[in-house]
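Everything on this sheet refers to the single structure shown next.
The values are calculated or read from the model by the stated rules, or taken from the named source; none is laboratory data. Since this is a predicted model, take the numbers as computed values, not measurements. Cβ sites come from the backbone with ideal geometry, for glycine too, and all protein chains shown count toward neighbours.
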Amino acid sequence: MRTKSRGLTAVIFALLLVVGITSLVLAQGGDVENGKRLFGEYCAVCHGYDGQGRVGAALEGWFAGISPEAFVRSTVSDGVANTMPAFSQSKGGPLSNQEIDDIAVFVLSWQDRVEPAPTPTPVPVTPIPTVAGLKGDPTAGAQIFARDCQVCHGERGQGGIGASLSAPIAAVQPEAFLRQVISDGIDGSPMPAFRGALSEDDIDNVVAFILSWDHRPAPPTSPESTETDNFNWLVALLVLIVGLVLVVWLITRFSQRKTAD
């Protein structure tokens with residue numbers, strides 16, 4: 001009986017080993033170089049270019065599970081609830097299934113060798129005028145935003161896998177609100193805390209850049225224009241009443257003449 005139990009255990013172990021090896025072999029079908037590029041573009045902002053973590057989890061070392069490749073692929077594709085956004089196109093993200101496979105292969109390549117993703121080349125930014133009342137440098141903030149925020153919020157804050165920033169900031173003090181969100185993140189959401197990854201000056205610069213966009217609400221209506229609009233509505237109403245009275249009078253006269261005939 002004990003011999004049969006040991007034999008069954010050996011068979012199960014062998015099957016698990018085959019499944020694990022098969023998953024690693026299948027993972028080699030992805031493009032490591034393209035995965036490296038995509039990781040640098042979409043993942044490094046949180047996980048670091050070397051996978052050692054930044055504002056997101058560290059990725060170096062072995063992944064727990066029978067199929068590490070499937071685990072990495074599903075995590076990138078579907079995200080992690082309240083922690084990491086979903087990147088697959090079927091979930092509203094920017095990556096195709098093949099691109100996700102490429103990223104998975106690159107991440108799993110760290111199990112044998114640590115090869116960092118390429119850091120982005122800073123894009124020249126046209127100098128942006130400073131914002132009155134803010135101490136940050138919006139030109140420097142544009143560079144940081146392109147590196148750390150654009151992947152989720154879009155080039156001009158139009159949104160994507162992250163919230164849109166293009167509407168006016170609904171807060172009494174927008175600069176204080178933005179500074180806190182960038183620094184501390186938002187609990188229960190994929191927005192991470194950048195405190196430590198960004199200096200206080202960096203955060204001030206990003207805030208200044210975001211607020212350099214035209215967030216100004218429509219100018220309030222002046223009293224003169226309000227009075228003019230009210231007068232126009234009154235005139236239109238009087239014209240309508242006079243027109244109705246004239247129509248009724250004409251119908252009445254027509255009916256009286258027809259009766260007289």
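Hey, residue 44 hits all of (1) among the hydrophobic types (A, V, I, L, M, F, W, C); (2) over 20 Å from residue 153 (Cα atoms); (3) modelled with pLDDT of 65 or more but one; which does it fall short on?
(2)
Determine if the range 49-56 includes at least one residue that is at pLDDT 60 or above, among the basic types (Lys, Arg), part of a loop (DSSP other than H, G, I, E, B) and outside the structural domain of residue 148 (by TED's automatic domain parsing).
Yes, there is a match, as at least one residue in the range 49-56 is at pLDDT 60 or above, among the basic types (Lys, Arg), part of a loop (DSSP other than H, G, I, E, B) and outside the structural domain of residue 148 (by TED's automatic domain parsing).
Counting just the residues of the range 84-99 that are in contact (Cβ under 8 Å) with a residue 40 or more places away in the chain and surrounded by 14 or more Cβ atoms within 10 Å (Cβ to Cβ), which one comes out nearest to residue 109 (Cα to Cα)?
If we take residues in the range 84-99 being in contact (Cβ under 8 Å) with a residue 40 or more places away in the chain and surrounded by 14 or more Cβ atoms within 10 Å (Cβ to Cβ), then 99 is nearest to residue 109 (Cα to Cα).
Here is a check on your reading of the model: is residue 125 surrounded by 13 or more Cβ atoms within 10 Å (Cβ to Cβ) and under 30 Å from residue 89 (Cβ atoms)?
yes
Yes or no, residue by residue, for (1) of a type outside the set (Ser, Thr, Tyr); (2) in a helix (DSSP H, G or I); (3) surrounded by 14 or more Cβ atoms within 10 Å (Cβ to Cβ); (4) at pLDDT below 90:
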site: 203; (1), (2), (3), (4): yes, yes, yes, no
site: 242; (1), (2), (3), (4): yes, yes, no, yes
site: 255; (1), (2), (3), (4): no, yes, no, yes
site: 258; (1), (2), (3), (4): yes, yes, no, yes
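If a residue must be surrounded by 14 or more Cβ atoms within 10 Å (Cβ to Cβ), on the phi < 0 side of the Ramachandran plot and assigned to a loop (DSSP other than H, G, I, E, B), how many such residues does the range 161-185 contain?
Counting residues in the range 161-185 that are surrounded by 14 or more Cβ atoms within 10 Å (Cβ to Cβ), on the phi < 0 side of the Ramachandran plot and assigned to a loop (DSSP other than H, G, I, E, B) gives 6.
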